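Here's the structure, in structure tokens; my notes come after.
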């Protein structure tokens, strides 16, 4: 992909309001998008979230009243809920350490200094007191990554903050799981009836929001 093709894909995308419920994302395309979520960079590499892909039509219908009645929830091909960790624990840090040692074939004590740094920061330190807020920011990085990758693959998407997190948590049985809903994203293919698809994209000029220092 060249720079022109990238910008063309980003110009093409918009927050899709009306999805065609008959058009589904092919399995191979979805697998790529799902893997893109997994590949999202996060602070320390801790991945303090879960991505819940809601396939059950009945469960989606339950979410609709907690989504300001937005039909994307039930009409989109795929619907992803981003749930972030409520707090970070020593076990979360150790899970990453063990995974890193396994993947990179390191001695078991090779990352002790890194482990201590993480514990002092996001478990016992000031950021540990706002762990859910920190984890939510990581989830938004994943959301942006998903939407960009979707645009590159010609898949429509709509990020959705217009929801009631506590309502989602109840429907998805997240209470007591250590995670809480942050945001959602509907993905699929736009309906020809979506008037927003034809509207010009409104953005400020780059000179107004990009500075050089």
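The values are calculated or read from the model by the stated rules, or taken from the named source; none is laboratory data. What you see is a predicted model, and the numbers here were worked out from it, not measured in a lab. Cβ placement follows ideal geometry from the backbone for every residue including glycine, while neighbour counts extend to all protein chains displayed.
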Checklist entry - surrounded by fewer than 20 Cβ atoms within 10 Å (Cβ to Cβ), at pLDDT 95 or above and in a loop (DSSP other than H, G, I, E, B) - does that describe any residue in the stretch 141-150? => result no
Checklist outcome for this item: How many residues of the stretch 1-21 are modelled with pLDDT of 95 or more, within 19 Å of residue 145 (Cβ to Cβ) and outside any helix (DSSP H, G or I)? The answer is 4
Next on the checklist: Among the listed residues 35, 66, identify the single one that is crowded, with 17+ Cβ neighbours inside 10 Å and either under 23 Å from residue 147 (Cα atoms) or touching a helix residue (DSSP H, G or I) at 6+ places or on another chain (Cβ under 8 Å) (or both).
Outcome noted: 66
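Residue under question is residue 84, and the condition is that it be touching a helix residue (DSSP H, G or I) at 6+ places or on another chain (Cβ under 9 Å), modelled with pLDDT of 95 or more and surrounded by fewer than 17 Cβ atoms within 10 Å (Cβ to Cβ); does it hold?
Answer is no for this residue.
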Checklist entry - Wholly within the stretch 28-129, which helices (runs of 4 or more DSSP H) include no fewer than the required count, namely at least 3 residues that are within 30 Å of residue 191 (Cα to Cα)? => result 57-63, 72-75
Checklist entry - Do we find that residue 163 is assigned to a helix (DSSP H, G or I) and either in contact with a helix residue (DSSP H, G or I) (Cβ under 6 Å, 6 or more places away or on another chain) or within 18 Å of residue 49 (Cβ to Cβ) (or both) in this structure? => result no
Checklist outcome for this item: Of the conditions (1) modelled with pLDDT of 95 or more; (2) in contact with a helix residue (DSSP H, G or I) (Cβ under 8 Å, 6 or more places away or on another chain); (3) under 30 Å from residue 64 (Cβ atoms); (4) not in a helix (DSSP H, G or I), the single one that residue 175 does not satisfy is (1)
Checklist outcome for this item: Residue pairs within 7 Å by beta carbon, gap of at least six or interchain, first lying in the stretch 186-213 and at negative phi and without any contact (Cβ under 8 Å) to a residue 24 or more places away in the chain, second outside any loop (DSSP other than H, G, I, E, B) and surrounded by 10 or more Cβ atoms within 10 Å (Cβ to Cβ), listed first then second, are none
Next on the checklist: Kindly evaluate residue 155 against the criterion of being closer than 30 Å to residue 2 by Cα, crowded, with 17+ Cβ neighbours inside 10 Å and touching a strand residue (DSSP E or B) at 6+ places or on another chain (Cβ under 8 Å).
Outcome noted: yes
